[in-house]
Each structure stands twice: as structure tokens, then as C-alpha cells.
Amino acid sequence: MKSILITGATGGLGKAFTSYYDKDQNHLYLHGTSLDKLTKLKESLHCEVTLLPSDFSDINQLHDFIKQIEPLHFDLVINNAGIGHYGPFDEMETDQIETMIDLNLKALTLIAHTVLQDMKSRRSGYLLNVGSVASYFPGPLMAQYYATKAYVLSLSSALHEEAKDYQVVVSCLCPGPTKTEFHDRAHIATGSVLSSLFNGKPERVVQGGIRDLMKKKRVSLPGVGPKLSVFFSKLIPDGLFVSIMKNIQQKR
């Protein structure tokens, strides 16, 4: 039996990861903000499931969650919970900014810190932090989201190097636009240039990320699109590339 923690399990890539690991020999520890959604998800699964509802934007709930997982031993952790918002940075509500910091940075970091201590002591385990192709460059009109994902990639790359001597694997999954609820929550309009790019299938992203994790790769860029995006971002001058990104995202 494998013990697997998945955060943000009720939607998007988290739900796809949950479906992928819904096997009899696994014990899934599923996190989500809504207990109702988690309960409904559990009813559709076949393996052993433990629900861990928590709102990571509430610091007390986040600390309680960390206390819950501290004594547990996970073979695999999918650090997936996160959020994004579309629009000029200065027009964001303060609570939107704080929530993105709490989910995309604080929760991910504290969870990684907690589970890696146990994995390194056991000299076994896999940690997959979910970043984005956005990790590689600035993104005007989603400035903070892109910045948080750059942090995830940087942190994961460093942890990959720190952990490998302990037979622990840390990897960062950096998918391109994917058909999930993310673009609805981020208020990216249907029919826009950005929306039309959301054509990746979550199942394929998950399969690619898991495959690369098992190969002990530092970063997973599943699909041709993300690889090309990163490639061209290195060829085009920074100022021009950021302008191109702004023009693309304005056509929403």
C-alpha cells in the first residue's frame, strides 16, 4: 500500500491526480477547502481515503493541517493547491493578494518542509510541487501568479539537489495551459486568446508529471507547448518577450 497526500484534490489537476492514484493498494489523503466536495469525491473512489479539509488562507487552519500530517508517513506528496487571478496588479483586492501568497507560497512551503523531514529520515519518498510554465517568465496582467510559480520552481530545484543524497526525489511539474476550472476562477474569458490556449488534457499532464517524477527529473514540462514556450523565452530579448506576453493576455 502506498500512502499519498494530494492537496487541492477536488478540482483541476488535483482531481486528475486523485483519479490516477485511485487504486486498491493506495491510501489517499485528500485535501480540499470544501468538506462537501471532498465527501462527494470520496464517494466516487475505490481505495482507502482520509479527508483533510482545510482552508490554507486561514493561518490557524493551515497550522492545524501541518500538525495533522506531521506524524504521518507519505510515500508521495502532490503539492498542488493554488490559485490565480487575472487583471492589473494594482486593481487586485488585498484579500486576493494575500490568499495567493497563502496558498501558492506559504502552504506549499510549509507542507514541503514538513514532509521532507520525514522522507529524508526514512531515506525514501517523492515530492511533486506543482508549478507552471509561467514559472519561467513574467506575466503582465497575472503578475503575482507568475511570480509565485517562479518561486515554486526555484524552491523545488534547490530541494531536488538537497534531497537526492537521501534517496528522496523532489520535482516541479510545469504544465502549460490546461483544461481545468482554473481559467474560470482566474476570470479569463471564454473565447479569448488565452482561453483558446487552455487545450491540454489534465490526464496527460498528470501522466507526464508522474513519469518524469519516477525518472527523478528535476522539472517536468509535459507536452510540446510548454517546452516551446520556454525555448522561445530564452531566444527572445526579455523586454520584447514580456511585451508579447502582455499583448496576448490583453486579448481576453
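The numbers here are math on the coordinates, done by the rules we state, and not lab data. As the structure is a computational prediction, the values presented were derived from the model and not from experiment. In this analysis, Cβ positions are derived from the backbone assuming ideal geometry, glycine residues included, and neighbour counts consider all displayed protein chains.
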Using alpha-carbon coordinates, inclination of helix 59-69 to the longest axis of the chain, degrees: 40
Matching label, Cα Rg over 2.2 N^0.38 Å computed from the structure shown, candidates (i) 1.22; (ii) 0.98; (iii) 1.02: (ii)
Trypsin sites (Lys or Arg not before Pro) lying in DSSP loop within the range 27-125, provided at most 11 other Cβ fall within 10 Å: ARG123
Listed peptides 73-85, 152-164 by packing density, highest first (mean Cβ within 10 Å): 73-85, 152-164
Helix 108-122 axis, angle to the chain major axis (alpha carbon atoms, nearest 10°): 40
Ellipticity estimate at 222 nm from DSSP helix runs (n ≥ 4, -39,500 (n - 2.57)) divided over the chain, nearest 500: -14000 deg cm²/dmol
Pairwise centroid distance, computed over Cα atoms, of the range 227-244 with the range 92-115, Å: 27
Choice from TYR126, TYR146, TYR166 with maximal GNM fluctuation in the chain (Cα, 10 Å cutoff): TYR166
Tally of Lys pairs whose C-alpha atoms are under 23 Å apart, taken over the range 1-117, 8 or more apart or cross-chain: 16
Relative contact order of the range 2-250, defined on C-alpha pairs under 8 angstrom at six or more residues apart (%): 18
Within the range 201-221, backbone nitrogen closer than 19 Å to the virtual label 7 Å beyond the Cα of ASP165 toward Cβ: 218
Estimated FRET transfer efficiency when R0 is 22 angstrom, pair SER124-SER19 (beta carbons, to 0.05): 0.35
